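The values are calculated or read from the model by the stated rules, or taken from the named source; none is laboratory data. Computed from a prediction, not measured in an experiment: that's the story for all the values here. Cβ placement follows ideal geometry from the backbone for every residue including glycine, while neighbour counts extend to all protein chains displayed.
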Amino acid sequence: MIQRDAYAVVGVGYTPQGRVPGRTSQSFHVEACVNAINDAGLTKKDIDGLICYRHFPRSGDEPDVTPYRVAEQLGISPAYMSQDAN
């Protein structure tokens, strides 16, 4: 049976919270994605979409964190990317 327009969140990626010296906002996004992929038992090849939660202020001289930059750091080319916030 083929399902269309269906999705599931199947992995969770935790990272340290707050201001952590030597870490950038982007490094937390990438670490959370890697942890979620591993938690789900998937590989990067399995990822066809990326939704990043909210826009966090950049740290120091780092560029803005966008889904495109996170995907680039992960080495994936998802068909769908978005950024969401409540």
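Some points to look at:
- Matching residues in region 46-69 - criterion: being within 17 Å of R23 (Cβ to Cβ) and modelled with pLDDT of 85 or more: R69
- Some residue of region 77-85 being in a loop (DSSP other than H, G, I, E, B), out of contact with any Phe, Trp or Tyr (no Cβ under 6 Å at 6 or more places or on another chain), modelled with pLDDT under 85 and not charged (D, E, K, R): yes
- Where a residue in region 69-85 is in contact (Cβ under 8 Å) with a residue 24 or more places away in the chain and closer than 20 Å to T24 by Cα and its partner, wherever it lies, is in a helix (DSSP H, G or I) and of a type in the set (V, I, T), with Cβ under 8 Å and at least six apart: V70/V30; Q73/V30; L74/V30; L74/V34
The rows are residues; the columns are (1) modelled with pLDDT of 85 or more; (2) over 11 Å from the mean Cα position of the chain (by Cα).
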| position | (1), (2) |
| --- | --- |
| Q3 | no, yes |
| Q17 | no, yes |
| Q26 | yes, no |
| V30 | yes, no |
| V34 | yes, no |
| K44 | yes, yes |
| A71 | yes, no |
